[in-house]
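S.K.: One structure, as structure tokens, below. Some questions next.
The values are calculated or read from the model by the stated rules, or taken from the named source; none is laboratory data. Predicted model only: the values in this text are computed from it and were never measured. Note that each Cβ is placed from the backbone with ideal geometry, even for glycine, and that neighbours are counted across all protein chains shown. When the accessible area is computed, the model is the full protein with side chains, heavy atoms only, and any ligands, DNA or RNA have been set aside. Shrake-Rupley method; radii C 1.70, N 1.55, O 1.52, S 1.80 Å.
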Amino acid sequence: MAILQLKNVSYAYKNNKNKKILNSVSTEFEKGVFYAILGTSGSGKTTLLSLLAGLDEPQYGEVKFTGEDIKVKGYRHHRKNQISLVFQNYNLIDYMTPLENLKLVNKRADKQILLDFGLDLTDIKRNVLQLSGGQQQRVAIARALVTDVPIILADEPTGNLDAETADDIIGVLKQSAHMQGKCVIVVTHSKHLANQADVVLELKNQKLLQLEKTMPTR
Amino acid sequence: MSMIKRAWYYVTRKKSKSLLMFLILFGIATATISGIAIKKATVDTRSKLNQSINASFTLENNLQNNMGVGSRGLGNVPASAVEQIKSIDGITEVNARMIGEVDLIDLQKVKLTNPRVQYNESLEAYKNFSDLEGMTDSSLDNKFISGVLSLSKGRHITKEDTQKVLVHEEFAELNDLKLHDKIYVQASVLSSVPPNEAVTKEKMALEIIGMFSGSNMDRATTEHELVENAIISDMQTVKLLRGYNDTSAIYQNVNFYLNDPKELPTILDKVGKLPIDWSNYQITKSSNDYPALTASLDSMDELINKMLIGIIVISAIILSLVLAFWVNGRIHETGVLLSLGVSKINIITQYVVEIVIIAVVSFGLSYFSGQAIAQKIGDSIVQQASEVGAMSAQQDLGGMQLGADPNSGTFTKTLDGIDVSITLAEMGYVWFIGGLIILLSVSISSIFIIRLKPKEILSKMS
């Protein structure tokens, strides 16, 4: 069974209801698969991710988690227990250290995961704003991974990073899907990132189309 | 991570923002605690004065029909009227006053520093003349109750005393007198009242049992009016000087005191029905003797109420504005926490806890700053209120000039001061009012967060 499912989802901006962003979109996402959703600027990629994350609700249709509409248990429940979000601009809490940012989502979070992600003991004790962009994104992904949630949603996670760091981050996301069995959904306009994904979808003309599909290499 | 931990991290790590909030809350708390302490001090002062000036009345000449005795128009309130009133239930104390006119023997009077009247022979004849103001209990006298005079050494005159006096400290210093020394007086040959055969012509030795301080409320025209030259004696001595016994005595006026100011109307009603010649005598509520004091208390009440309301309203506005910036400036953090599944109420509670953490320190320290400035603010308000009170009392007199003697001083007597102190009770009020302002301000400034969906907040972030 699909872990996450869009069923006939339609969405238009509040202030311009005539301009639809999504029009009766239906698709399914499975565990252990790394998805990339491509689209041009303004095509509605971030809106789609917000609907999947329970940050917004569709005007029509349903977003389902393991077959149940996410609004049944509540959007906050969905965000807290079923998904993790990774943003392009990292979105760390700026008055906390990397480890404290991890403890926001899991009180038992350990520094080991940060060490595994390439940060050293000094970095761990610093304020997150004193870290480089790549380090901050690693912390953001570590924060997404220290929870037990089965889905990672990422919005342009490599948008602000250099090519080498971007590849590192893509590798981490891939590993999360293939090694930990998480469902990783990334929205991006980066063809390079999309090439690394197991499944590539494109948001075009208010529809979500699958471009290619290969089974994940485990 | 718990909301309290997040709040603690924010307060301790965003030092400049926390310091700014500390200063604002500290200012608000200091102003509020000062306002509350001054308000309480005003209420206490009013209550004390109520007891002393509203729980008594005076029997005196009705000057419209009875100009009194002698060329000075001294009071002629008969002892029989006093006895009738004394017998009414509810009256607990009586203080009668009687003026004796004496010549001081081998004593100097305190001189006017800036006399309005030029020296002349008629004044020279009065250089030893003085009033000896007899009373049954000087502690109940209006001049002492109002604070025009205050006992600085020794004790008050009581009804058991005979041949005892209270003198002014400056008079004592001028004549090198100390407690228990004796002064000598003799019934004056210049007495304004008709001679009485029973008047003692002998020199009398009067023991000083107390000294008082105080100054004229208005500028004195003659030495006789100077508070420094006032001599207060016991009733037996003055009766002797004027040749009266207990039944033949006539008094300047008599004050009657009761325990409960609320009983005053009932008692006055009973007094009015007594067979006393009400065309020649009248009853005055003692509160009428303190028009400026009452007016200054009213003015004080008004000023402090306006100040307190002003503090609370301005504090709420300032805090709401600052908190609006505080919360709006954290839209990014709010969005992140929402995306992590933290509830809106949890986030807003974190902001409240942060303010409470800072408030604990600032409200606590306001106890000391309040101690330092509340009394000064209180004194300043008393001064303003007294000016308004004095002006109002003067207007009520219709331009009539009162004498500068100590007894007229009660009319223009205003509030000397209030004793402002800050206790745990005031701190409790500050916490209550401050807490309400914080809750109100955080609620107002958080309204837009509550209204928005997480995605809208996140889109504002980007």
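S.K.: Run the numbers for A:S132 and A:N106: contour at 0.36 nm per residue of separation, minus the present Cα-Cα distance, in nm. Display every interim value, and only then the final one.
M.R.: Working: separation 26, 0.36 × 26 = 9.36 nm, distance 2.35 nm.
This chain segment gains 7.0 nm when fully extended.
S.K.: Ok, one more. Probe radius 1.4 Å, ligands and nucleic acids left out: which of B:W431, B:W278, B:W8, B:W326 has the largest accessible area, and how do the rest follow? Could the numbers behind the result be given before it?
M.R.: Working: B:W431 95, B:W278 75, B:W8 135, B:W326 20 Å².
Descending accessible area places them as B:W8, B:W431, B:W278, B:W326.
S.K.: Given 0.36 nm per residue, what is the gain on full extension from B:S380 to B:L440 after removing their alpha carbon distance, in nm?
M.R.: Values: separation 60, 0.36 × 60 = 21.60 nm, distance 3.14 nm.
Gain on extension, B:S380 to B:L440, equals 18.5 nm.
S.K.: Tell me the Kirkwood hydrodynamic radius of chain B in angstroms, computed as one over the mean inverse distance between distinct C-alpha pairs. List each step's numbers first, then the result.
M.R.: On the way: mean 1/r = 0.0376 Å⁻¹.
For chain B, the Kirkwood estimate is 26.6 Å.
S.K.: Counting helices only, and only those DSSP H runs with n ≥ 4, report the 222 nm mean residue ellipticity of the protein assembly as shown as the sum of -39,500 (n - 2.57) divided by its residues, in deg cm²/dmol to the nearest 500.
M.R.: On the way: 23 runs with 302 residues, N = 680.
Rounded to the nearest 500, it is -14000 deg cm²/dmol.
S.K.: Probe radius 1.4 Å, ligands and nucleic acids left out: which of B:I276, B:I377 has the largest accessible area, and how do the rest follow? Intermediate values should be presented prior to the final figure.
M.R.: Details: B:I276 20, B:I377 55 Å².
Putting B:I276, B:I377 in descending order of accessible area: B:I377, B:I276.
S.K.: Ignoring everything but the protein chains, give the 1.4 Å probe accessible area of A:L173 in square angstrom, nearest 10.
M.R.: 0
S.K.: I've got another one for you. Equivalent-ellipsoid semi-axes (√(5λ), Cα gyration tensor) for segment B:276-381, whole Å, largest first? Write down the numbers at each step before the final one.
M.R.: On the way: eigenvalues 596, 47, 27 Å².
They are 55, 15, 12 Å, listed largest first.
S.K.: Per residue, how much space in cubic angstrom lies within the convex hull of the C-alpha atoms of segment A:1-121?
M.R.: Values: hull volume 18.6 nm³, N = 121.
Hull volume normalised by residue count: 153 Å³.
S.K.: Within 10 Å of each Cβ in B:335-348, how many Cβ atoms from other chains are there, averaged over the peptide?
M.R.: Values: counts 3, 11, 3, 4, 13, 12, 18, 5, 4, 1, 0, 1, 0, 0.
Per-residue shielding by partner chains comes out at 5.
S.K.: Given a Förster distance of 25 angstrom, what is the FRET efficiency for B:L179 paired with B:D246, based on the Cβ-Cβ distance and rounded to 0.05?
M.R.: Numbers: r = 29 Å, r/R0 = 1.17.
Plugging the Cβ-Cβ distance into 1/(1 + (r/R0)^6) gives 0.30.
S.K.: Set Lys and Arg Cβ to +1 and Asp and Glu Cβ to -1, take the dipole of chain B about its Cα centre, and tell me which of B:I33, B:L297, B:A316 lies farthest positive.
M.R.: Looking along the dipole axis, the top candidate is B:A316.
S.K.: Over 28 Å between Cα atoms, which of A:K71/A:K182; B:K86/B:K182; B:K285/B:K376; B:K201/B:K285; B:K306/B:K376; A:K182/B:K5 qualify?
M.R.: Table pairs above 28 Å Cα-Cα are B:K86/B:K182; B:K285/B:K376; B:K201/B:K285; A:K182/B:K5.
S.K.: Relative contact order (percent) for segment B:1-101, with alpha-carbon contacts under 8 angstrom and 6 or more residues of separation? Write out the running numbers ahead of the final one.
M.R.: On the way: 21 pairs, mean separation 11.4, N = 101.
Relative contact order comes out at 11 percent.
S.K.: Give me the net charge for the shell around A:I151: Cβ to Cβ below 9 angstrom, other residues only, Lys and Arg +1, Asp and Glu -1.
M.R.: Cβ neighbours under 9 Å give a net charge of +2.
S.K.: While we're on this one: What average count of beta carbons from other chains do you get within 10 Å of the Cβ of residues in A:47-58?
M.R.: Values: counts 2, 0, 1, 7, 1, 0, 5, 4, 10, 6, 2, 0.
Partner Cβ neighbours, averaged per residue: 3.
S.K.: Extending each Cα 7 Å along its Cβ direction at B:S71 and B:I4, get the distance between those two points in nm, one decimal.
M.R.: Placing both labels 7 Å along Cα→Cβ, they lie 8.7 nm apart.
S.K.: Let me ask you something else. Could you please state, rounded to a whole Å, how far the C-alpha centre of segment A:108-152 is from the C-alpha centre of segment B:221-283?
M.R.: 91
S.K.: Nearest 5 percent is fine: what portion of the DSSP beta bridges confined to the protein assembly as shown is antiparallel?
M.R.: That works out to approximately 70 percent antiparallel.
S.K.: Could you work out how far apart the two model spin labels at A:D116 and B:T423 are, taking each label as a point 7 Å from the Cα in the direction of the beta carbon, and quote it in nm?
M.R.: Roughly 6.3 nm, to one decimal.
S.K.: Just read off the accessible area of B:L63 with the full protein assembly in place, 1.4 Å probe, to the nearest 10 Å².
M.R.: Roll a 1.4 Å probe over it and B:L63 shows about 110 Å².
S.K.: Just the Kirkwood number for segment A:66-144, please: inverse of mean 1/r across all distinct Cα pairs, in Å, one decimal.
M.R.: Values: mean 1/r = 0.0749 Å⁻¹.
About 13.4 Å, per the Kirkwood formula over Cα pairs.
S.K.: Calculate the mean, over all residues of peptide B:444-454, of how many other protein chain Cβ atoms lie within 10 angstrom of the residue's Cβ. Walk me through the intermediate numbers first.
M.R.: On the way: counts 0, 0, 0, 0, 0, 0, 0, 0, 0, 6, 8.
Counting Cβ atoms of other protein chains within 10 Å of each residue's Cβ and averaging gives 1.
S.K.: About the Cα centre of the protein assembly as shown, what is the dipole size in debye to 20, counting +1 per Lys and Arg Cβ and -1 per Asp and Glu Cβ, all else neutral? List each step's numbers first, then the result.
M.R.: Details: 70 positive and 71 negative charges, 1071 e Å.
The dipole magnitude comes to about 5140 debye.
S.K.: Moving on. Only helices at least 30 Å long along their axis, Cα-based, and averaging -0.5 or more on Kyte-Doolittle count here, so list those DSSP H runs from chain B.
M.R.: Helices passing the filter in chain B: B:15-53, B:291-328, B:344-396, B:424-451.
S.K.: B:I88 versus A:D167, label points 7 Å from Cα toward the beta carbon: distance in nm?
M.R.: It works out to 10.9 nm between the two label points.
S.K.: Moving to a separate point now. In Å and on Cα atoms, what radius of gyration and Dmax does the protein assembly as shown show?
M.R.: 44.0, 138
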